[in-house]
C-alpha cells in the first residue's frame, strides 16, 4: 500500500497543498490508481488538512471520480436520448457481451469497466463513448469488438483511433476522430478572424467604452439564460474587490449541445481573446477556462494555444500592448457534473469543492471565485465579444430580432439528414431550420435541451429567439417513429442523476414526478394522475433553488402542454388505480417458500 | 443602525439592514416556516419551506436579505400548499417512523406536519434503503430520518474549523456522513449539540433518547411557530 | 335517517387503534346510539351482509389476506377511513421494507434462535397461509381511501371527533393536542 501514499503525496505536492486544486489532486490519484479509495481519501485529507468527509464529499460528487476501482480501461458510454435514438442499446449490449460484465460494473479480471454517462457533447456522431479520455464516435458493434479486443490485448487507447476528424481534430495535440460538422457558417463566429484585432481595439479605449460597445450590441449570454453581457460586466466592474475574475463556462452539459466543443477546437484564439477583452472591461488579471471533463482530449491543444497567445502578447504582461493591463488564462478541468454549468456551482467546483450552486444574493459578479467579483460567461458569448470589438456593437445589433441580437450557434442532432453546427441569425423559424437540416416531417423538436421546451408541429412556425423559443443551442429533432414519452423519461432520468441534491424539491421531486410518469407510461394512470403530475411539476419548478430544478420538469410539463393526447391515450378509464399487482407482489415470497401463488381471478 | 421598512402580506414591518426575510419576520411577529435554518449558523436554503414571493418571484426567506420597500407574500394559499408539499416530500423521501423515533415530539419536521395538518402525504412513499451508522462512540446516525438540511454540516466543526459532518454523493443519493476520526474526538457537549441541532432524529446522542415523557415534549401542546406569532 | 353502519378491521396492525377507539370511555354509549356496527372485531361479525356507510381500517397490508380483506371493505363500504400510522404509511411492520423478503423469511423460520433444532427447517408454505407481499403497503397504495386519521394510536378524542363528523355531518374539529403521528 506504499504505492497509495506515494501517489497521494506526489499529487498533493504538485498542487502545493492548495485546497482549491482538490479536484486536480483527486484526478491525479484517480488516474494513477484507477480509483480513489478510502485510504487515499484519508491521506489526501491529512496532507491537505481537510476532514476526510469533505474530501470524500468531492470524490463522490463527480461522475468521473470513483471510490471503487473502475479498471485499467474505463468505458463511459453516453446514455442520453439521442445516443439511445442512434442505437446506443445495441452498442451497450455488444460491450457487455465482449467484456463479460454489465454496465455499472467491472470485468472479472478488473481490467475493463463499463459505465453510463450523461451527454458527452457528441450528439451529431452518436453512439459515442469516452475510453480513458479518448473519444470514440459513430460506434458500431463491429467497432466495439475491435476496441474490446484491443483493450484485452493491453493496447494504448489513443492508438486505437483509426481515422481522424476534420480541422484541428487532426492536430498533433488532439488527434481525435471527433468531427466538427460545421454545416453553416455565419458572420459572427465562423467568419475569418484576425487574431489580436479585438483586443487591440478594446485596449485603445477605456474599459467603460468596451462595456458600452457590448451594451450597444445588446449581446445576451449564449449559455441559455440570456442575461445581458454588458450589464453583467458593468455590475462586476463596479463591485468592490481587490481582484476581479473572468471565468469562461466551457461546461456545456445540456444534452444535445456541442457547439462549444467545436468553438474550442476551431476558434479558441477568438475565445481567449474575448476573455482578455472581458478582463480588460471588468478589471481582471486572471481568467479561468472551466473545461468539462468530457473535453479533456482538447486540454493539451488549448494549453498550446494559450502559449502561442502569450508569445503574441495577446495574453500576459501588458496584454494587447496595453501598459498596465496584465491578463492570463488558466484551464481548470471539471470532473463530470451537469450542474457545474450553473455559474455559481461552476465557481464552487473551480474552487475545488462539490459543485453545488450558491445562494444568491450575493451574485457571482459581487462575490464569485475566491469571494472576488467574477463574471462568468459562456464560450460562445466570449467569441461574440471578440467579433463585436472588431465590427462594432451597431453592426452586431443589426442582426437578429428585437431582443435577440446577432447570430447564434445551434447544435442540431437527432432525426435529421445533416446533424451538426449551424450558425444562424436569431429569428429563424423552426420550419426553416428543419428544412435546412433535413428534418422536415418531425414529430417534435426539443429546443434548448431537456431543460428547454419540447414543441410539436403547431409551433414550427415560431422563431428561434428569446421571446419565442429560446435556446442555449441544443436542438434535437424527433421523427414520428420515436416514442416521445420514452425520450421524456430519458430526460427525467438525466435530471435525477445530475441534481446536486441540495434542495428538497429537486432532489426528491424529480424522482417523484418521474415515478408518476412511469405509472402513466405503464398504463396505470388515471385522469387524477395526469392532473397530479401537472401540478407536481409546478411545485418542483416553483420551489427549487437553482435553474436545474426550476426547469427539470420541463420535458414533462411541455409535453403535457403540447402533446397531451400522448398522455391521455395511456390513461385508464377508471376513477382510481394504484398500479398494485397482487400476483407480482407475492412472487418472491412464494418462491422462497416453494409454493405456487394462488390468487382468485388469476 | 439603519432601519428598513418592508411589507409581509400587507403588514408593515421593520428590519435591520442585513437581516434576512425570515429573521425580520420573526422580529415582527410573523411566522414564516423554516426547517433547515438555525440560529447562529449560516443559512443554506436547502429545504425551501420558507419560500415566499418577493415582488412576484419565489425566494427562500432564509437566504434573502430584506430590502427597503420589499413586498413579501407569505401566507397565500398557493405558497402554503407548496410548503405543505415540501413537508410531504420529506416524509416520503426518507423512512420516517414517528412512533419509534427518539425525537418524536421534539422533531421540527413532525411539528411542521402537525402545523400543516398533514393527514397523509400526497406523494407515494419511496422506501429508500438507508443505513444506520452505529459505529461511532458518542452518537448514532440514522440516515432513514435524515432530511439533508445540512444543519450539522454547517454547525458542528472542530476548534480549527474542520467539518465533522459532510455530504456524500449527489442527487437522490445524497447522504450525510461523519468524519470517523473527528467524530471519535467529539466531546459530550458537542455530541449533545449535534443531536440538538438536528431537526429530526437522524443524529442521536447515545443513552439520552425518550428522556422527556409524552405530553411534555417541545411540540406536544403548541404548534411550531406559535411562539413567534403575535 | 337511519343510523350509519360502521365496519372495522385490523390488518397488519397491533389492534392498538381499536384499543384507542375503546378509550373514548363512556362516550361509547353515545356512539352506540349514533351508529350501528356491522363487520368488526368489536361485535365479532365476520362477513359483510349489507352495504356499510363507513369502513374503518387499522394496519397496512403485509400479505395477500390483508389485500383481499381490504378490497372486500372497499366493495362493501361507501367511505373508507385509514386509521393510524400503519394504515397510512405501513408503520412498524414497514420497517422490513428495505430488507429482501427472502432474508426476512429465512431469519424468521430458519435462522431464528427460538427455532427448535429438532423441527424440520422449512418456510411455511401451506396453501391456507396468506402469502407475504414484497413489502408492507399503506392502504391507499392498494385501494382508494377517503380519509386518514394519523397517530400511533390515533388519540381517542380524534377518533371520536371523526366518528361524530361522519355520523352527524358536523364540521371536523381537530384540537392540536390530539393530532399526532406517534
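Here are a few things to note about the model shown:
- Translational diffusion of segment B:105-223, µm² s⁻¹ [Kirkwood Rh, Cα pairs; Stokes-Einstein; 25 °C; 0.890 mPa s]: 158 µm²/s
- Here the scattering of segment A:184-398 is modelled by Debye summation over its C-alpha atoms, one equal scatterer each and no solvent; at q = 0.13 Å⁻¹ the log10 of I(q)/I(0) is -0.64.
- All-pairs alpha carbon distance profile, segment A:159-198, 5 Å steps from 0, percent: 6, 20, 18, 17, 19, 11, 5, 2, 0
- Projected onto its three principal axes, the C-alpha set of segment C:1-71 covers 36, 27, 17 Å, listed from the longest axis down.
- Principal-axis analysis of the Cα atoms of chain A puts helix A:299-311 at an angle of about 10° to the longest axis.
- Put a dot 7 Å past the Cα of residue A:184, heading toward its Cβ, do the same for residue A:584, and the two dots end up 4.6 nm apart.
- Residue-averaged beta-carbon neighbours from other chains (10 angstrom radius) around A:496-502: 6
- Overall dimensions of segment B:3-75 as given by Cα atoms, namely Rg and Dmax in Å: 10.8, 29
- Each listed q (0.12, 0.15, 0.18 Å⁻¹) maps to a log10 I(q)/I(0) for segment A:73-162 from the Debye sum over equal C-alpha point scatterers, namely -0.29, -0.47, -0.69.
- Among A:503, B:47, B:13, sorting on how many other beta-carbon atoms sit within 10 Å of each Cβ, with the fewest leading, yields B:13, A:503, B:47.
- With 5 Å bins beginning at zero, the pair-distance distribution over Cα atoms of chain B amounts to 1, 7, 13, 17, 18, 16, 13, 9, 5, 1, 0 %.
- Once both labels are positioned 7 Å from their Cα atoms along Cα-to-Cβ, the gap between residue A:486 and residue A:285 label points is 5.7 nm.
- Cα long-axis angle, helix B:188-197 against chain B (0 to 90 degrees, to the nearest 10): 40 degrees
- Residues A:500, A:340 in ascending order of nearby Cβ atoms (within 10 Å, fewest first): A:500, A:340.
- The base-10 log of I(q)/I(0) for the protein assembly as shown, evaluated at q = 0.06 Å⁻¹, reads -0.50 [Debye formula, identical scatterers on Cα atoms, solvent excluded].
- Seen from every direction in turn and averaged, the convex hull around the alpha carbons of chain C projects onto 12.2 nm².
- Each 10 Å bin, from zero up to the one with the longest distance, holds this percent of the alpha carbon pairs of segment A:454-510: 18, 36, 35, 11.
- Quotient of Cα Rg and 2.2 N^0.38 Å for segment A:2-61, N being how many residues it contains: 0.93
- Beta bridges per DSSP with both ends in chain C, % antiparallel, nearest 5: 20 percent
- Pairs of Cα atoms nearer than 8 Å and 6+ residues apart set the relative contact order; for chain A it is 12 percent.
- Förster radius 35 Å - calculated FRET efficiency between residue B:130 and residue A:568, Cβ distance, rounded to 0.05: 0.40
- The convex hull built on the alpha-carbon positions of chain A has an orientation-averaged projected area of 29.5 nm².
- In chain A, the DSSP-assigned H stretches of four residues or longer account for a calculated mean residue ellipticity at 222 nm of -12500 deg cm²/dmol, using -39500 (n - 2.57) per stretch and the full residue count as denominator.
- Taking the convex hull of the alpha carbon positions in segment A:325-422 and averaging its projected area over all directions gives 9.7 nm².
- In degrees, nearest ten, helix A:52-61 long axis to first principal axis of chain A (Cα): 80 degrees
- Among A:389, A:492, A:399, the ranking by other beta carbons within 10 Å of each residue's beta carbon, starting with the fewest, stands as A:399, A:492, A:389.
- DSSP bridge orientation in the protein assembly as shown - percent antiparallel, rounded to nearest 5: 55 percent
- Ratio of the Cα radius of gyration of segment A:404-478 to 2.2 N^0.38 Å, where N counts its residues: 0.93
- Placing a label point 7 Å from the Cα of residue A:575 along the Cα-to-Cβ direction, the residues of segment C:31-54 whose backbone N falls under 18 Å of that point are C:51-54.
- Equivalent-ellipsoid semi-axes of segment A:484-568, from the Cα gyration tensor, Å, largest first: 20, 12, 11
Readers should treat all values here as calculations from the given coordinates under stated rules, not as data from a laboratory. As the structure is a computational prediction, the values presented were derived from the model and not from experiment. Cβ atoms come from the backbone with ideal geometry, glycine included; neighbour counts cover every protein chain shown.
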